1. Please state which one of 65, 106 is within 26 Å of the chain's Cα centre (by Cα), of a type in the set (Asp, Glu) and either crowded, with 22+ Cβ neighbours inside 10 Å or more than 19 Å from residue 20 (Cβ to Cβ) (or both).
2. Can you spot a residue in region 247-265 that is at pLDDT 95 or above, surrounded by 20 or more Cβ atoms within 10 Å (Cβ to Cβ) and part of a loop (DSSP other than H, G, I, E, B)?
3. Checking residue 71 against (1) modelled with pLDDT under 90; (2) within 22 Å of the chain's Cα centre (by Cα); (3) not β-branched (Val, Ile, Thr), only one condition comes out false. Which one?
4. If you take the residues of region 190-225 that are in a loop (DSSP other than H, G, I, E, B) and of a type in the set (Asp, Glu), which of them is surrounded by the fewest Cβ atoms within 10 Å (Cβ to Cβ)?
5. Scan region 271-285 residue by residue and report those that are touching a Pro at 6+ places or on another chain (Cβ under 6 Å) and surrounded by 21 or more Cβ atoms within 10 Å (Cβ to Cβ).
6. Which of the following residues is in the same structural domain as residue 263 (by TED's automatic domain parsing), in a helix (DSSP H, G or I), surrounded by fewer than 24 Cβ atoms within 10 Å (Cβ to Cβ) and without any contact (Cβ under 8 Å) to a residue 40 or more places away in the chain: 183, 152, 114, 158?
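The values are calculated or read from the model by the stated rules, or taken from the named source; none is laboratory data. This one's a predicted model, so the numbers in the text were calculated from it and none came from an experiment. FYI the Cβ positions are ideal-geometry reconstructions off the backbone, even for glycines, and counts take in every protein chain you see.
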Amino acid sequence: MRRIGVLTSGGDAPGMNAAVMAVARAARFNGMTLVGIKRGYNGALNIEQSGMAELDLDTVLDIADQPGTYLRTARCLEFLKPEMQQQAAKNIRDMGIEGVIVIGGDGSFKGAQALCNLGIPCIGIPGTIDNDLPYTEMTLGYDSAVNSCVEAIRAIRATSRSHDRPAVVEVMGRHCGDIALKAAAGTGAEICIVPEVSWSIPEVADRLSRLIAEGNPRATVVIAEGAFDSMQEYDWKTVLREHNLPVHDDDKISTRFFTRVLRCLTGCEARTTILGYIQRGRQPSAYDSWFAFEAGNMAVNLLRNGISNQVIGIKYGRVFCLPIHMALKDKREFNRDLYDMVNEL
């Protein structure tokens, strides 16, 4: 194999650029030409619009520490169609690319599996801050995202102490509460709410009221953005209206509304902070940079040795690989013991 491609797909994650740089270095070391496929699978479908470009080492050496992804990224619903997958495979062959390294999450891996079935060898590197791929202990970008949350929550807790005022902090995690749980545990936050565990607003309000009564008026509530999917039914709009706070019939529960309800039920002056994209758009941590380097090198060597349809992960602190279909069928286990400890101590 003398000419390979690399793309980043799905949500951007810290360390994606470091992984591209590692792939470029390993490709150079093995005498391979590297082609960057821009804007994920959209680039494979629309070469003229999105583009493919050869990546020499000089081009990518300076991007390793940069946030975001140099190759850009996008979600591509078109790629779900078999005819579009066939078109992408044809375009890749027409470019003389003999194998592709895909950096992304489970949707990106399914796309890589489809290309493998069409004769394009692919290797996947897990790039997603949510840490929602169960076959690996950690995904690329997760450690950086947690570090970002820990720094922010520590700063928020400092001002909470100054004013004796609780804080509600929303972090990312649509279906996976790992960022929320690890950030809460790492900062001493008193309440953590995640999508994996059913919860209710009255229970959280009671817990917060007890903390205040026991002399802790500065407690922190860390909530994952997707946690409202596991919230038990509660008439929170009536609570707001009874306190003359504006709410419309078509409004949906959100962290801001949740905080207002907590203020009504507890009498505290809780404040809301939504951390948002700062969790994605930061420099990769040392751990993510190391993982990117090891994963990029392994991906190139797998392709060089004629091995494909694999994804790379971490187990017991060591980088390993396994077939894509096995990775996608793995079941995720949530750390309920740690969750209970955060919410009960």
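1. 106
2. no
3. Residue 71 satisfies all of (1) modelled with pLDDT under 90; (2) within 22 Å of the chain's Cα centre (by Cα); (3) not β-branched (Val, Ile, Thr) except (1).
4. 214
5. Answer for region 271-285, where residues must be touching a Pro at 6+ places or on another chain (Cβ under 6 Å) and surrounded by 21 or more Cβ atoms within 10 Å (Cβ to Cβ): just 284.
6. Checking each option against the conditions leaves just 158.
To keep it simple, each residue is scored yes or no on (1) in the same structural domain as residue 96 (by TED's automatic domain parsing); (2) at pLDDT 95 or above; (3) closer than 18 Å to residue 292 by Cα.
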position: 11; (1), (2), (3): yes, no, yes
position: 17; (1), (2), (3): yes, yes, yes
position: 22; (1), (2), (3): yes, yes, yes
position: 45; (1), (2), (3): yes, no, no
position: 53; (1), (2), (3): yes, no, no
position: 60; (1), (2), (3): yes, no, yes
position: 64; (1), (2), (3): yes, no, yes
position: 79; (1), (2), (3): yes, no, no
